[in-house]
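Written out below as structure tokens is the structure these notes cover.
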Amino acid sequence: MEPFNYEFTAIRGVQAGRAFYVAMCPLKLVPRLLRFDEEEIPPDLRAQRTLNRARIPAIARYLADHVDEYVLSSLCASVDARIEFEPVGKDGAYRSVGKLRIPMSARMLINDGQHRRAAIEEAIKERPELGEETISVVIMVDEGLKRSQQMFADLNMHAVRPSRSLGVLYDHRDETSQLARRLVDEVEYFKGLTELEKTSISNRSVKLFTLSSIHQATCELLGKKKLDKVSTKEAKTAMQFWAELGKHMPDWLRAASRDINTAELRRDNIHAHGIILQALAILGSQLLALHPSDWKTRLAPLRKIDWSRSNTSMWEGRAMIDGRLSKARNNVVLTANALLNELQLPLTPEGERVEQKHSKSREPAHV
């Protein structure tokens with residue numbers, strides 16, 4: 001070993017016949033110790049993806065804003081030098097716990113967690129006290145580029161992000177998520193008819209909407225993004241809007257009272273899908289802004305709309321493309337435009353742009 005080393009308390013383990021170590025590393029040392037491949041290196045000579053700098057501010061903000069409750073999963077790194085492990089004992093579990101020494105001249109390359117590493121560096125600039133806290137680092141001996149690339153592929157092979165609905169359900173910090181869960185508990189046609197875990201609903205499901213679609217639509221209604229603050233007045237407005245809307249959507253109330261088969265409702269109509277929630281939220285935002293005192297009475301024309309998929313003159317090219325529902329943003333806006341026209345309300349600036357583009361696309365080509 002070299003005379004100058006980093007020394008960590010670590011646990012030794014074995015995977016696929018190879019030793020690896022889990023060490024606790026102070027956050028302030030993470031940027032100094034752990035490196036990632038420079039972006040100029042071609043992909044076939046790197047051991048991980050390039051750094052997406054757009055992701056870093058959000059993670060750094062999360063750390064800086066939640067110093068009392070943040071959670072960071074382990075980093076994974078490879079060391080290109082001979083390392084030394086000195087167990088505290090020779091018997092039983094004592095053989096797996098000890099001191100890990102890594103030469104200061106060694107190159108420690110991140111295999112997984114480069115965005116967390118960069119965010120830690122940024123967060124410490126704002127909240128220096130974070131530097132004294134620790135993160136677990138899984139350390140493996142570098143066996144060359146091929147092995148490092150395979151490690152990256154294996155580490156990410158089965159990585160699956162939780163569904164958006166589950167993210168909303170379990171996020172107790174985000175106020176827009178809290179509001180969405182309140183809506184599900186208190187709005188009649190959301191209660192018992194909301195899929196809380198998945199972001200899609202199977203054909204035979206008794207559910208009508210997903211929690212993620214309710215959350216997304218409510219953010220649209222209030223002009224909010226995830227992690228934005230929600231005032232008491234805004235929460236009350238959202239509750240009133242969705243509750244009042246149900247009075248003009250009798251099929252939703254029939255589904256809530258189990259007087260109609262929800263699977264058949266979703267099969268034959270478009271108003272039992274998230275795209276309509278989103279479009280109605282755009283309508284609601286415009287309605288609340290333009291008619292804050294009498295918006296409730298102006299919802300009445302919704303009762304006369306034919307929501308069936310067979311109403312292609314209204315929905316084809318807007319909510320539907322060749323008979324299939326489309327969740328694309330342009331289609332949501334085009335659907336909202338149709339609803340705004342029904343209520344004799346002006347289009348939003350975004351709606352105007354999308355409508356003009358839509359109209360041009362439908363003009364016959366001139367020979």
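Volume per residue of the convex hull around the Cα atoms, evaluated for the chain, comes out as 216 Å³. Here's the picture: a label point sits 7 Å out from the Cα of Leu288 along the beta-carbon direction, and within segment 173-193 the residues with their amide nitrogen under 20 Å of it are 174-191.
Between the listed residues Thr232, Asn261, Asn203, the Cα displaced farthest toward the positive end of the dipole of segment 164-362, a dipole computed from Cβ unit charges relative to the Cα centre, is found at Asn203.
Residues of segment 162-176 falling in the label zone of Lys229, defined by backbone nitrogen less than 18 Å from a point 7 Å along Cα to beta-carbon, are 173-176.
Ordering Ile282, Leu345, Leu169 by Cα displacement along the dipole of the chain toward the positive end leaves Leu345 in first place; charges were set at the Cβ atoms of Lys, Arg (+1) and Asp, Glu (-1). So if we plug the beta-carbon distance of Ala328 and Met104 into 1/(1 + (r/R0)^6) with R0 = 45 Å, what FRET efficiency do we get, rounded to 0.05? Once rounded, the FRET efficiency stands at 0.25. About the centre of its Cα atoms, segment 164-362 shows a dipole size close to 260 debye [charges on the beta carbon of Lys, Arg (+1) and Asp, Glu (-1) only; nearest 20 debye]. With a Förster radius of 30 Å applied to the C-beta separation of Ser313 and Asn52, the computed FRET efficiency comes to 0.10. Note the angle between two axes, namely the Cα long axis of helix 211-222 and the longest principal axis of the Cα atoms of the chain, as a number of degrees from 0 to 90, rounded to the nearest 10. Compared with the principal axis, the helix lies near 70 degrees. Taking chymotrypsin sites (Phe, Trp or Tyr not before Pro) across segment 58-126, the ones in a DSSP loop with at most 15 further Cβ atoms lying within 10 angstrom of their Cβ are Tyr70.
Of all segments of the chain bounded by trypsin sites (Lys or Arg not before Pro) found in a DSSP loop with no more than 14 other C-beta atoms within 10 Å, the longest spans 259-326.
Only DSSP H runs of four or more residues enter the estimate; each adds -39500 (n - 2.57), and after division by the residues of the chain the mean residue ellipticity at 222 nm equals -12000 deg cm²/dmol.
Bear in mind these aren't lab numbers, they're just calculated from the coordinates by the rules spelled out. The model shown is predicted, which means the values in this text are computed figures rather than measured ones. Positions of Cβ are backbone-derived with ideal geometry, glycine not excepted, and every protein chain shown enters the neighbour counts.
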